[in-house]
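> This structure is in structure tokens; I'll ask about it shortly.
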Amino acid sequence: MFVANSRVKPFKPGQTLLVREIWQGKVWTARPMVLVQDTTEILALYWVPGTFWKQARNHQGGEVTAFDRKMQKWELHDLTWEGEGTLRLGVPGAKYSMLIFRNTDNTISNWYINLEDPLTRTDRGFDYIDKILDIIVEPDLKTWHWKDEDEFQEAQDLGLISPQEAKTFRAEGKKALKLLQSGMSIFNGWEHWKPDPSWKVPVLPEGWDVV
């Protein structure tokens, strides 16, 4: 759970949190994000446009392949989030997060179901392990498709993801999709949320690279 018991102090709205993907004990991505809501029911984080962040790239600066992952051949590159503001939603124990991407006119570009191990709370934010496979859902909630299926299969062929784990995450993806398409899930309605205009672009804290 995001707030497991009364002794766990939730983060405060507007607070900058460190959100990282960890792969094989190493940082894969590191983002400073603004906390929107932190309760036992839902975690909401906002990725502010213009945010400076870190992402894994191969030694030539390109996309990291599944084989690169297996051999741990990657390095972190400096990037700036050039997209519109993105909202990241999660529920306790779920093997996915729900992202809402927007267009320049603030309309929804798409919903994005990111399959991952459940988020782990740290003293500065949250860590998680991304599982490569995703689902992209159009604003009408009816049109959708899997993303990165080839890389997901390659990861299985290389032993990075077991067949049973792959089956589990596909099932989790379909479960999340069904919830979203119901129109009555905890995620529906967040597409109307707007950020506090006083929030500034957050920065990565010192020690972001310490696992």
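Please treat every number below as a calculation from the coordinates, not as lab data. These numbers were taken from a predicted model, which means no experiment stands behind them. A quick note on method: Cβ atoms are made from the backbone with ideal geometry, for glycine too, and the neighbour counts reach across all protein chains shown.
> Sorted from fewest to most neighbouring beta carbons within 10 Å, what does the list ASP130, ASP157 look like?
So the ranking, lowest neighbour count to highest, is ASP157, ASP130.
> Compute the relative contact order of region 94-179 as a whole-number percentage, counting only Cα pairs closer than 8 Å that sit 6 or more residues apart in sequence.
Working: 129 pairs, mean separation 20.6, N = 86.
Normalised by residue count, the contact order of region 94-179 is 24 percent.
> Give or take rounding to whole Å, what are the principal axis extents of the alpha carbon atoms in region 16-131, in descending order?
Principal-axis extents of the Cα atoms in region 16-131, largest first: 37, 33, 23 Å.
> Another question, if that's okay. If we count other beta carbons within 10 Å of each Cβ, what is the order of HIS59, HIS192, fewest first? Could you put the intermediate results ahead of the total?
Values: HIS59 10, HIS192 7.
Neighbour counts put them in this order, fewest first: HIS192, HIS59.
> Which number do you get for Rg(Cα) / (2.2 N^0.38 Å) in the chain?
Values: Rg = 16.8 Å, N = 211, 2.2 N^0.38 = 16.8 Å.
It is 1.00.
> Quick one: compute a quarter of the convex hull surface over the Cα atoms of region 1-83 and quote it in nm².
Details: hull surface 27.0 nm².
The orientation-averaged projected area of the Cα hull of region 1-83 comes to 6.7 nm².
> Explain nothing, just compute: Karplus ³J(HN,Hα) = 6.51 cos²θ - 1.76 cosθ + 1.60, θ = phi - 60°, for every residue of region 142-155 in order, whole Hz, x for Gly and Pro.
With the stated coefficients, region 142-155 comes to 9, 8, 7, 7, 6, 10, 6, 5, 5, 5, 4, 5, 4, 4 Hz.
> Take every DSSP beta bridge with both residues inside the chain and express the antiparallel ones as a percent of the total, to the nearest 5.
Around 90 percent antiparallel, to the nearest 5.
> Fewest Cβ neighbours within 10 Å first, please rank PHE169, PHE101, PHE187 accordingly.
Details: PHE169 20, PHE101 16, PHE187 23.
If I rank by nearby Cβ atoms, fewest first, I get PHE101, PHE169, PHE187.
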